[in-house]
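Worksheet: the structure to be examined is printed underneath.
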Ligand SMILES: Nc1ncnc2c1ncn2[C@@H]1O[C@H](COP(=O)(O)OP(=O)(O)OP(=O)(O)O)[C@@H](O)[C@H]1O
Ligand SMILES: [Mg+2]
């Protein structure tokens with residue numbers, strides 16, 4: 001049988017970095033093929049080559065037995081290959097429908113844009129994805145999870161027979177992941193070949209027929225899923241055993257640093273009328289509080305409100321060291337010792353024009369400027385430790401941030417906040433896109449900082465992460481707290497029940 005895609009000796013160098021070298025393997029028609037590898041292993045680069053985003057590379061790619069040389073993504077699309085990128089690629093001002101048909105707009109017989117037709121088709125596609133978004137909504141106001149579904153709708157509209165998904169679930173919650181599983185099953189019935197990149201082993205083992213492992217830009221091996229284990233795969237990925245992140249030693253709880261009382265955040269445009277309703281929580285020094293909930297439950301809004309990043313229309317009380325505060329800008333929260341790692345690094349976190357060092361030093365600058373100008377050397381010295389602690393892999397402190405792999409960009413954002421030495425750290429899905437090894441290291445880092453007195457509120461799209469990190473887990477459902485568990489009490493089952501509308505114990 002001719003493979004649908006054949007990679008032969010594929011290599012790619014960027015200035016100073018070998019992203020891929022001599023990668024050779026095949027994809028068979030109709031299979032779901034997972035690509036695994038650490039952050040920076042070259043997964044996205046290989047997918048960008050296959051989808052025509054990167055056009056200069058070594059080696060050869062064949063599609064259905066014929067060598068191809070795509071001059072751009074349009075060529076790849078014509079050959080039936082579509083990609084859903086890791087970093088979302090939407091035009092924020094344009095409506096959902098216009099994003100789906102970008103560059104292939106439907107026109108009336110008079111050559112005008114046929115908005116009605118695009119909206120109709122978009123509505124059908126989105127309905128198939130069980131996505132409740134109105135096709136006229138501007139993409140920029142959608143939450144990350146819905147934006148990701150929009151990208152999937154776009155790929156589906158191309159009727160591709162090879163679909164590349166680069167970490168499609170990194171911003172999805174459990175229910176949405178289940179929804180995507182159904183979509184993938186649908187596609188496979190139609191014979192679509194799927195290339196699936198994910199750092200989540202449970203996903204890989206649920207979906208893939210075969211798994212290919214890359215390490216440091218090199219091909220390691222391809223195995224049948226039934227013939228391997230997650231442990232074996234991660235072993236090949238990192239080339240060493242991963243530290244077991246099991247924090248047996250209890251952390252001691254210090255003073256109460258943050259108190260939230262009856263926090264209500266109105267949402268006049270929504271029938272429910274609020275994004276958050278009567279939410280109360282306490283946070284102590286040295287403690288990690290996890291916030292669980294489905295997409296739209298209000299997790300991000302809760303953190304953003306504390307951080308002064310929402311409209312200051314909320315009611316209730318936020319107490320910092322017992323004193324009421326009302327931040328109207330994140331800067332005020334920063335000055336008060338609060339830091340936040342946001343879920344959407346492209347929109348809120350990274351400055352694409354600045355290099356790695358500048359992106360990391362951004363908020364620590366004032367400390368560095370005390371007593372003089374910021375020289376390049378001082379900046380480098382300043383960022384050295386956060387870059388080391390978060391294990392950022394890059395060509396150096398002055399590499400372009402846009403040249404880093406997705407997971408390494410996320411590490412830079414975490415490093416930036418470590419630099420300001422906050423007392424309270426708000427983490428909104430912080431390990432999104434970070435590989436298993438780096439995750440374990442980050443957990444250890446967070447645990448260590450908490451032992452030194454840091455207080456953390458963390459949300460995650462992976463329940464296992466909350467169960468690993470948090471001392472207590474609060475569950476939000478539709479803006480209300482529906483349950484609280486100690487780490488000992490919490491199970492994935494009990495949290496999911498509370499998140500999907502279980503009845504409030506309080
Ligand atoms: N445009 C670019 N300019 C310079 N270097 C780049 C560029 N794109 C990728 N690289 C480098 O190539 C290597 C592979 O990156 P790639 O994005 O393919 O990794 P990845 O396996 O997708 O990682 P992740 O899991 O973090 O998404 C990295 O070292 C990265 O810094
Ligand atoms: Mg990637």
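The values are calculated or read from the model by the stated rules, or taken from the named source; none is laboratory data. Remember, it's a predicted structure, so these values are computed and weren't measured experimentally. Neighbour counts run over all protein chains shown; Cβ positions are idealised from the backbone, glycine included.
A few points about this structure:
Results for (1) within 16 Å of ligand 2 (Cβ to nearest atom); (2) over 15 Å from residue 435 (Cβ atoms); (3) modelled with pLDDT of 95 or more, shown as yes or no for each residue.
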position	(1), (2), (3)
203	yes, no, no
209	no, yes, yes
215	yes, no, no
222	no, yes, yes
225	no, yes, yes
229	no, yes, no
240	no, no, no
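- Highlighted here are the helices (runs of 4 or more DSSP H) found entirely within the stretch 26-144 that include at least 3 residues which are touching a helix residue (DSSP H, G or I) at 6+ places or on another chain (Cβ under 6 Å) and either exposed (fewer than 14 other Cβ atoms within 10 Å of the Cβ) or touching a residue at least 24 places away in the same chain (Cβ under 8 Å) (or both): 96-100, 115-128.
- Yes/no for residue 155 being within 21 Å of residue 28 (Cβ to Cβ), buried (at least 19 other Cβ atoms within 10 Å of the Cβ) and at pLDDT below 85: yes
- Residue within the stretch 28-41 that is modelled with pLDDT of 95 or more, farther than 25 Å from residue 223 by Cα and more than 16 Å from ligand 2 (Cβ to nearest atom) present: no
- Residue check, residue 6 within 12 Å of ligand 1 (Cβ to nearest atom), in contact with a strand residue (DSSP E or B) (Cβ under 6 Å, 6 or more places away or on another chain), outside any helix (DSSP H, G or I) and closer than 24 Å to residue 237 by Cβ: no
- Selection from the stretch 411-427 of residues that are modelled with pLDDT under 90 and in contact with a strand residue (DSSP E or B) (Cβ under 8 Å, 6 or more places away or on another chain): 413, 414, 417, 420
- For the stretch 399-415, a residue qualifies if it is part of a helix (DSSP H, G or I) and within 14 Å of ligand 2 (Cβ to nearest atom), and the qualifying residues are 402, 403, 406, 407, 408, 409, 410, 411.
- Residue tally, condition buried (at least 22 other Cβ atoms within 10 Å of the Cβ), more than 14 Å from ligand 2 (Cβ to nearest atom) and not in a loop (DSSP other than H, G, I, E, B), over the stretch 419-438: 5
- Residue 441 meets each of the listed conditions (1) assigned to a strand (DSSP E or B); (2) under 19 Å from residue 198 (Cα atoms) apart from (1).
- Of all residues in the stretch 397-440, those satisfying the criterion of being farther than 25 Å from residue 463 by Cα, within 11 Å of ligand 1 (Cβ to nearest atom) and touching a residue at least 60 places away in the same chain (Cβ under 8 Å) are 399, 403, 404.
- Residues located in the stretch 478-491, provided they are within 15 Å of residue 280 (Cβ to Cβ) and part of a strand (DSSP E or B): 480, 481, 482, 483, 484
- Filtering the stretch 204-222 to residues that are in contact with a strand residue (DSSP E or B) (Cβ under 8 Å, 6 or more places away or on another chain) and crowded, with 17+ Cβ neighbours inside 10 Å leaves 204, 207, 208, 210, 211, 212, 213, 214, 217, 219, 220.
- Number of the condition not met by residue 196 [criteria: (1) within 26 Å of residue 26 (Cβ to Cβ); (2) touching a helix residue (DSSP H, G or I) at 6+ places or on another chain (Cβ under 9 Å); (3) assigned to a helix (DSSP H, G or I); (4) touching a residue at least 40 places away in the same chain (Cβ under 8 Å)]: (3)
- The condition of being within 16 Å of ligand 1 (Cβ to nearest atom), surrounded by 21 or more Cβ atoms within 10 Å (Cβ to Cβ), within 22 Å of residue 238 (Cα to Cα) and outside the structural domain of residue 405 (by TED's automatic domain parsing) does not hold for residue 21.
- In the stretch 155-181, the residues that are more than 22 Å from residue 475 (Cβ to Cβ) form Cβ pairs under 6 Å with partners that are in a helix (DSSP H, G or I), at six or more places apart or across chains, as follows: 156/125; 157/100; 157/125; 158/77; 163/155; 164/47; 166/44; 166/47.
- Check on residue 149, without any contact (Cβ under 8 Å) to a residue 40 or more places away in the chain, buried (at least 19 other Cβ atoms within 10 Å of the Cβ) and out of contact with any strand residue (DSSP E or B) (no Cβ under 8 Å at 6 or more places or on another chain): yes
- Test result for residue 392, within 24 Å of the chain's Cα centre (by Cα), in a helix (DSSP H, G or I) and either at pLDDT 90 or above or within 16 Å of ligand 1 (Cβ to nearest atom) (or both): no
- Residue check, residue 188 surrounded by fewer than 19 Cβ atoms within 10 Å (Cβ to Cβ), modelled with pLDDT of 90 or more and within 16 Å of ligand 2 (Cβ to nearest atom): no
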